[in-house]
Structure formats: C-alpha cells, structure tokens
Amino acid sequence: NGRELADSKPLIDMLKGSPSLKHYVYMSSAGVYAKSDILPHREGDPVDPNCRHKGKLHTETYLAASGIPYTAIRPVYIYGAGNYNPIEEYFFSRINAGRPIVVPGSGLHLTGLGHVRDLAELMAAV
C-alpha cells in the first residue's frame with residue numbers, strides 16, 4: 001500500500017518480470033472516483049485525476065502499464081488498528097454525544113466501512 005506512486009514504484013519495478021510474482025494486490029481508495037449521484041460506484045466508473053487520492057490513481061495507472069498481473073481494491077472507509085484516518089471516531093463520538101450523524105447529499109447514498117482484518121483477508125484471497 002502506498003499513498004503516492006513513489007511509495008509503490010520500487011516494489012512494482014522490482015517485481016516486473018519476476019517468475020515468483022503470481023498477483024500484485026494494491027489497496028487503492030474509492031476516493032479516486034469522480035463525484036457522482038449514481039452510487040455505489042462500479043469498476044469502470046469515471047475517475048477524478050485531481051482527487052485527493054490522485055497518488056493512488058497514479059499507482060493504478062502505473063500498475064496497468066507495467067504488465068504485471070494486479071488487482072486494485074477501492075474500499076470506501078477503513079477502520080481498525082493502524083488506520084491513519086480514524087473515521088469510525090466521527091460516528092461513535094456523535095452517537096455517544098447524542099448528536100445526529102450528518103449524511104452528505106440526499107441522504108440516500110450507501111457507504112461501507114471495512115475493518116482492516118477483513119480487508120487483509122480479502123486481499124490475501126485474491
């Protein structure tokens with residue numbers, strides 16, 4: 001996992017042509033998608049090249065051009081140990097304080113929270 005292409009590029013370059021590589025699994029982000037009122041997103045939906053996760057998008061593009069077999073996983077929100085962005089705190093602190101949870105847009109959008117262990121199991125199964 002890398003937030004910028006420079007984080008993953010050395011490993012990707014090292015693995016090019018490696019007979020021991022079976023499949024490269026990259027943890028990207030649903031934040032690469034262009035804003036849309038049609039949700040949930042699907043693979044092939046337009047992406048935003050200027051999004052705040054553009055480094056992940058650059059890495060996906062580099063992987064595609066590298067020729068190595070890969071899968072990019074684009075979770076919405078990740079929670080659990082080691083997370084740099086503890087999104088779950090937003091929900092639980094508001095619930096504990098008796099405050100409403102603010103839902104952007106029309107309120108009809110679905111979102112998903114993925115625990116780090118569940119996502120790790122998913123990645124290992126690819």
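The values are calculated or read from the model by the stated rules, or taken from the named source; none is laboratory data. The model shown is predicted, which means the values in this text are computed figures rather than measured ones. Every residue, glycine among them, receives a Cβ derived from its backbone with ideal geometry; neighbour counts consider all protein chains shown. Heavy atoms of the whole protein, side chains included, go into the accessibility calculation; ligands, DNA and RNA do not. Shrake-Rupley method; radii C 1.70, N 1.55, O 1.52, S 1.80 Å.
Close Cβ contacts (under 6 Å, 6 or more residues apart or on different chains) running from residues in the stretch 7-22 that are open to solvent by 80 Å² or more (accessible area, probe 1.4 Å) to residues that are not in a loop (DSSP other than H, G, I, E, B) comprise Lys16/Ser66. In the set Gly55, Gly67, only one residue is open to solvent by 50 Å² or more (accessible area, probe 1.4 Å), of a type outside the set (A, V, I, L, M) and either without any contact (Cβ under 8 Å) to a residue 60 or more places away in the chain or out of contact with any helix residue (DSSP H, G or I) (no Cβ under 8 Å at 6 or more places or on another chain) (or both); that residue is Gly67. Tallying residues that are surrounded by 10 or more Cβ atoms within 10 Å (Cβ to Cβ) and either in a loop (DSSP other than H, G, I, E, B) or of a type outside the set (Phe, Trp, Tyr) (or both) within the stretch 24-46 yields 14. You will find that of Pro69, Pro10, Pro46, the residue that is under 19 Å from Val126 (Cβ atoms), at pLDDT 95 or above and more than 11 Å from the chain's Cα centre (by Cα) is Pro69 and no other. In the condition set (1) surrounded by 10 or more Cβ atoms within 10 Å (Cβ to Cβ); (2) in a loop (DSSP other than H, G, I, E, B), Tyr62 is compliant with all but (2).
Within the stretch 84-101, the set of residues being open to solvent by less than 90 Å² (accessible area, probe 1.4 Å) and either among the β-branched types (Val, Ile, Thr) or within 23 Å of Tyr70 (Cα to Cα) (or both) comprises Ile87, Ile101. Go through the stretch 102-122 and give me each residue that's under 27 Å from Lys22 (Cβ atoms) and open to solvent by less than 40 Å² (accessible area, probe 1.4 Å). Scanning the stretch 102-122 gives Gly114, Leu119. Just one of the listed residues (Tyr62, Tyr84, Tyr77, Tyr90) is modelled with pLDDT of 95 or more and of a type in the set (Phe, Trp, Tyr), namely Tyr62.
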